[in-house]
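The values are calculated or read from the model by the stated rules, or taken from the named source; none is laboratory data. If you're wondering where the values come from, they're calculated on a predicted model, not measured in any experiment. Cβ placement follows ideal geometry from the backbone for every residue including glycine, while neighbour counts extend to all protein chains displayed.
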Amino acid sequence: MLNFLLAAPATVSEQDVVTPFEQALLLGLVFVIMFGLGAGLTLKDFLHALKRPKGLIVGFFTQYGLMPLLAFSLASIFLFQLPIEYAAPVAVGALLMGSVPGGTTSNLFTYFAKGNLALSVIMTINTTIWALLMTPLALFFYGGLMFKDSPEWEIPVTNIVVTIAVMLVPVILGMTIRRFSANIGAVLELLGGFFGLFFIGFLMATWVPRNWGLLTSTPWQVYLVAIGLGLFGMAATFGVARSLRINGVDARTIALETGILNGPLAIAIVLLTFGGNPAIGLILIVPAMYSLFIVIISTLVTLRFRKSNLAEEQKIPNLL
Amino acid sequence: MTNKPWLAHYPSDVPHELPTSEFRHLPDLIRSAASTYGKKTAFTQVMANGMNGSLSFAQVDQYSDHFAVYLRDVLRLQPGDRVAVQMPNCISYTIVAFGIFKAGLVLVNTNPLYTQNEMTHQFSDSGAKALVVIDMFADRLPEVLPKTSIEHVVVVRISQFFPAIVSGVIRGTQKFWSRTLPKIKVPHVLFMDALSQGSKAFHKQKVDSYLDGLNGSTVAALQYTGGTTGVSKGAMLSHDNLVTNTLQLISMCGDYMRPGKEIVITALPLYHIFAFTINLLGFWHLGARNLLVPTPRPPSNLKRVFENYKVTWMTGVNTLFNALLNERWFTDSPPKHLRASAAGGMSLHESVSERWRKLTGTPIVEGYGLTESSPVITFNPLNGTGRDGTIGIPVPSTDVKCVSESGAEVAVGEPGELLAKGPQVMLGYWNRPEETASTVVDGWLKTGDIATVDKDGFFTIVDRKKDMILVSGFNVYPNEVEEQIAALEGVKEVGVIGVPDEKSGEKVKAFVVAADNPPTVDDVIAHCRKSLSAYKVPSSVVFVNELPKSPIGKILRKDLRAMWLSQQSGSASKTVKG
């Protein structure tokens, strides 16, 4: 299943992109983040969301309809201008990045943007659970479309399902623990949010200097895909949500939530499913670069949204 | 009233007169519950994110003994000395308050959100010798303390008595994330150090000796209130006042308050007399588990409390109940174990009480009282005979009447000033004999509220005397107009005041906070025309984001008026803001 990558001349090794220490740390962090996500949850939260599902449904479709399509389009248009041995693994990473659910970092940004925090949190949960089905489905569909003439580029869908299932275990653990101790639950919930930011800070501090050469030699097309995924994703989602007559605050919340994907999860999936693969370094490029740039993009978008949300607050008080 | 018609409407388990109390003073009441309920959880402080800490009855009893020793033995405070306390709802508050009573000292509750001027006034007026303050608000002390007689400062942390790690996380967030921990620039002792010093000097006989010379008529608390004149003054509440009022209220609730079984949510601030007597003293005496919420704003702060605990009782003000009814998480899954709710502090709108009853399936009744009466004067029976829109009937051992300007009792149904007499009426205002003399006459407390009474003895507040609007010689009571507007779909809150008018003397002005799908100004006026006489219909309606409120959430009409006045004198473009 992975032999295509063996055949392709790998230019970047796994070690260049992520060291074993970083890998271990990363997996630990993802575990804590997912744990924290679960610790903030009750079954009631799901019931509440189901009673007023419009924002949730729209968010679901932008997350798994729009984002993978965007990743596919960006990769198809720009990446394949590059040599296929390089373009194919990078595109696999881009597709994967576009197909993972929203991350907890989006909740922090929504908080700062004065958006609808409850909606953001419940969307993260919703898309994370659906990831078990939708992430592999999106990868299967767009992967098949992208590599229909080269069956050797098939994406290991089964491995991905297993990885996501494993990642849901801490979510359920978090929910269970929260039931028994509100204190431990609240501490974990808080830690989860901070670790998400910590992960990005860590990446900037260690990964960027070490991979400076890689970053400077990376073609602009890859930058465009990594940055465009978040930026265009938010813009398009906002447009879709507004055209469906969702109010401004909720539309901006859905846009942030959809555009800010779970970068650590994507990287963890790559590490766990493509482990030992010589081209893993190339697959990791888009998820890693996306995770870096999304902080900058989200900060700018958050500042912009905050302004609009504050303005809107004047008009519609009490919007949950 | 001479014939006390309300006695016929007491539920069968409510005594007409309160039996002579077995408690000589508050420390008796505090110790009695501690020995009955011992290891049972007394207080659980719940933060907005669900983090919590708890203490049992025995622990609170023991810690408050230690704090009493600290105050008397270490700080050398003398019986009757005043101790100001300034903190939000937290476990430490309960230990501090009980410790002050046990030390034979006088508690001066102080709003933590007070400005420097307000703090200075209250501290110097009460002559407080010591201050127990939450660290978050201690940054104003360097300016305030020199103008007061405060010699000792004890600093409390919000996360005291939480598990160590949780407490550390909370402090870390306060310090580095929300940056709400200012540097404290005055000499002070940390609360935990004070407790351990008190613990070292503790001796049972010593603590008992503090109560020598203490009796029911000793002042227990100076509870500051604006009263009718606006200058904040301390109502002297005695041990008897507070003990009896606690028992009066509990006796009025009959089987709705089951000893040792209730779980009550305390979202209103304990430094306010309503929560102080009912939630702190009442539910302590009852052996309930008390869930202390540091602040109910925003109302989503209560989400975790309702999720994590089987709340059986709730006290609140109209604003709080209304706010919860506007929260989706609350209406989507209303509390399952709730048995009853009590409203006070301001009038409970019928639209709110109806929605509350419909949503929770449990009774909500309104009571009435003043700081000067510890506070409860009247309460509605919970057994279904309560009447919406009324403040209920006088609690046991209490007499109430409505009188005209001349002091004569008015006829049934006629409005008059409400006067109350009973063991809960304060000793007087601290150092203000003239104001005391004009407020408590022959044992009758003049409330300044205009009320009517029906033939069964149910009282209805028509309005505050000073809030009454005079339109062309006709009395308009803002409550009545507010009630009508609040019932309108899309209205979240409303405040009505009178503003000067050349033609009619005064005219009615409504300030409305909109909910989803708000009505237009014309809708509001048209709605009022249907149910109110023409002179009562607002001549103007303004939509605002927020209304000025007191610490417990009572809408402050005087601040609304001030806001309106400053707007008139200020630039025309200035918008009305909370």
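Farther than 15 Å from B:SER209 by Cα and over 24 Å from the mean Cα position of the chain (by Cα): which single residue out of B:ASN49, B:ASN117, B:ASN109 fits that description?
Checking each option against the conditions leaves just B:ASN49.
Does B:ALA451 qualify as being at pLDDT 95 or above and either surrounded by 20 or more Cβ atoms within 10 Å (Cβ to Cβ) or on the phi > 0 side of the Ramachandran plot (or both)?
No, not satisfied.
Could you check segment A:23-107 for helices (runs of 4 or more DSSP H) lying wholly inside it with 1 or more residues that are within 14 Å of chain B (Cβ to nearest Cβ)?
Once the helices (runs of 4 or more DSSP H) in segment A:23-107 are filtered for at least 1 residues that are within 14 Å of chain B (Cβ to nearest Cβ), what remains is A:43-51, A:54-61.
With B:ARG72, B:ARG24, B:ARG31, B:ARG76 as the choices, which residue is surrounded by 15 or more Cβ atoms within 10 Å (Cβ to Cβ), of a type in the set (D, E, K, R) and outside any helix (DSSP H, G or I)?
B:ARG24
When you scan segment B:297-342, how many residues do you find that are more than 21 Å from B:ALA487 (Cβ to Cβ), in contact with a Pro (Cβ under 9 Å, 6 or more places away or on another chain) and more than 10 Å from chain A (Cβ to nearest Cβ)?
Qualifying residue count for the region: 8.
Having 2 or more residues that are modelled with pLDDT under 90 and over 15 Å from the mean Cα position of the chain (by Cα) is the bar; report the helices (runs of 4 or more DSSP H) wholly within segment A:183-275 that clear it.
Correct list: A:212-217, A:248-259, A:263-273.
Given the criterion surrounded by 24 or more Cβ atoms within 10 Å (Cβ to Cβ), modelled with pLDDT under 90 and not hydroxyl-bearing (Ser, Thr, Tyr), identify the matching residue among A:GLY98, A:GLY59, A:GLY102.
Of the residues listed, the single one that is surrounded by 24 or more Cβ atoms within 10 Å (Cβ to Cβ), modelled with pLDDT under 90 and not hydroxyl-bearing (Ser, Thr, Tyr) is A:GLY102.
State whether one or more residues within segment B:89-108 are on the phi > 0 side of the Ramachandran plot and either crowded, with 19+ Cβ neighbours inside 10 Å or not assigned by TED's automatic domain parsing to the domain that holds B:LYS549 (or both). Walk me through it before giving the result.
Going residue by residue through segment B:89-108, those that are on the phi > 0 side of the Ramachandran plot are B:104.
Then keep just the ones that are either crowded, with 19+ Cβ neighbours inside 10 Å or not assigned by TED's automatic domain parsing to the domain that holds B:LYS549 (or both); that gives B:104.
The answer is yes, given that some residue of segment B:89-108 is on the phi > 0 side of the Ramachandran plot and either crowded, with 19+ Cβ neighbours inside 10 Å or not assigned by TED's automatic domain parsing to the domain that holds B:LYS549 (or both).
Given (1) surrounded by 14 or more Cβ atoms within 10 Å (Cβ to Cβ); (2) in a loop (DSSP other than H, G, I, E, B), identify the lone condition not met by B:GLY213.
With (1) surrounded by 14 or more Cβ atoms within 10 Å (Cβ to Cβ); (2) in a loop (DSSP other than H, G, I, E, B) applied to B:GLY213, the lone miss is (1).
Pick from B:LEU565, B:LEU560: which is in contact with a Pro (Cβ under 8 Å, 6 or more places away or on another chain) and either surrounded by fewer than 16 Cβ atoms within 10 Å (Cβ to Cβ) or more than 14 Å from chain A (Cβ to nearest Cβ) (or both)? Explain how you work it out, then say what you get.
Values: B:LEU565 fails: in contact with a Pro (Cβ under 8 Å, 6 or more places away or on another chain).
Checking each option against the conditions leaves just B:LEU560.
How do the pairs read when you match residues in segment B:1-14 that are in contact (Cβ under 8 Å) with a residue 60 or more places away in the chain and closer than 11 Å to B:PRO381 by Cα with residues anywhere that are hydroxyl-bearing (Ser, Thr, Tyr) and in a loop (DSSP other than H, G, I, E, B), using Cβ under 8 Å and keeping only pairs 6 or more apart or on different chains?
B:HIS9/B:THR385; B:PRO11/B:THR385
Quick test for you: out of B:ILE250, B:ILE273, pick the one residue that is more than 14 Å from chain A (Cβ to nearest Cβ) and touching a strand residue (DSSP E or B) at 6+ places or on another chain (Cβ under 6 Å).
From the options B:ILE250, B:ILE273, the qualifying one is B:ILE273.
Being surrounded by 23 or more Cβ atoms within 10 Å (Cβ to Cβ), among the aliphatic types (A, V, I, L, M) and away from every other protein chain (no Cβ under 14 Å) narrows it down to one residue among A:ALA186, A:ALA182, A:ALA113; which is it? So that I can check it myself, show each step before the final result.
Details: A:ALA186 fails: away from every other protein chain (no Cβ under 14 Å); A:ALA182 fails: away from every other protein chain (no Cβ under 14 Å).
Checking each option against the conditions leaves just A:ALA113.
Residues to consider are B:SER12, B:SER54; find the one that is touching a strand residue (DSSP E or B) at 6+ places or on another chain (Cβ under 6 Å) and either within 14 Å of chain A (Cβ to nearest Cβ) or not in a helix (DSSP H, G or I) (or both).
Going through B:SER12, B:SER54 in turn, just one is touching a strand residue (DSSP E or B) at 6+ places or on another chain (Cβ under 6 Å) and either within 14 Å of chain A (Cβ to nearest Cβ) or not in a helix (DSSP H, G or I) (or both): B:SER54.
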